[in-house]
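Down below is the structure, laid out as structure tokens.
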Amino acid sequence: MKYLLDVSALIALGHLDHALHERVAHWIRSEGDAVLLTCSITELGFVRILSQASGYGFTVAHTLATLKQLKASPVYAFEFLEDGNDASLLPDWVKVSLQTTDGHLVRLAQAHSAVLATLDVKIPGAFVIP
């Protein structure tokens with residue numbers, strides 16, 4: 001199975017001290033041969049959030065190095081998705097601005113025969129990481 005990790009799932013996996021790291025890591029281990037996907041949106045969100053959150057103390061350079069190390073890890077199988085979807089492909093359930101990125105990621109995952117994996121229970125069509 002292929003899973004596009006949303007920003008929250010990617011952060012939880014990549015930051016070992018994150019409160020939900022073990023939840024995401026356990027789920028991935030239980031999936032066995034799952035392919036984990038990232039894209040420009042999720043990677044840029046990872047860098048932006050970790051490097052701006054004062055509690056983490058990460059610089060942009062440190063965050064980029066952490067992401068590179070995570071994607072190169074022999075423990076996880078990562079692939080990067082090219083994103084050719086435009087705004088016209090947003091799902092009909094996108095009604096407010098806060099839903100635009102989620103809707104885009106759901107459609108991007110579907111375009112690559114994958115599913116969006118998230119910690120957010122409010123995204124239609126996404127898989128909520130148990």
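Would you mind listing the helices (runs of 4 or more DSSP H) fully within the range 29-130 where at least 1 residues are at pLDDT 90 or above, of a type in the set (Gly, Ala, Ser) and under 20 Å from Ala19 (Cα atoms)? Before the answer, list the steps.
On the way: elements: 40-52, 60-72, 100-111.
Fully inside the range 29-130 and qualifying: 40-52.
Regarding Leu4, is this residue hydrophobic (A, V, I, L, M, F, W, C) and not in a helix (DSSP H, G or I)? Against the criterion (hydrophobic (A, V, I, L, M, F, W, C) and not in a helix (DSSP H, G or I)), Leu4 qualifies.
From Asp120, Asp83, grab the single residue that is touching a Cys at 6+ places or on another chain (Cβ under 9 Å), in contact (Cβ under 8 Å) with a residue 24 or more places away in the chain and among the acidic types (Asp, Glu). If you could, list the steps in order and put the result at the bottom.
Values: Asp120 fails: touching a Cys at 6+ places or on another chain (Cβ under 9 Å).
Criteria check complete, one pass: Asp83.
Among the candidates Ala87, Ala72, Ala65, the residue that is more than 28 Å from Asp33 (Cβ to Cβ) and loosely packed, with under 14 Cβ neighbours inside 10 Å is uniquely Ala87.
This table checks each residue for (1) surrounded by 14 or more Cβ atoms within 10 Å (Cβ to Cβ); (2) out of contact with any Ser or Thr (no Cβ under 7 Å at 6 or more places or on another chain).
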site	(1), (2)
Arg29	no, yes
Ile49	yes, yes
Gly55	no, yes
Thr59	no, no
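The values are calculated or read from the model by the stated rules, or taken from the named source; none is laboratory data. Since this is a predicted model, take the numbers as computed values, not measurements. Backbone-built Cβ (ideal geometry, glycine too); neighbour counts: all protein chains shown.
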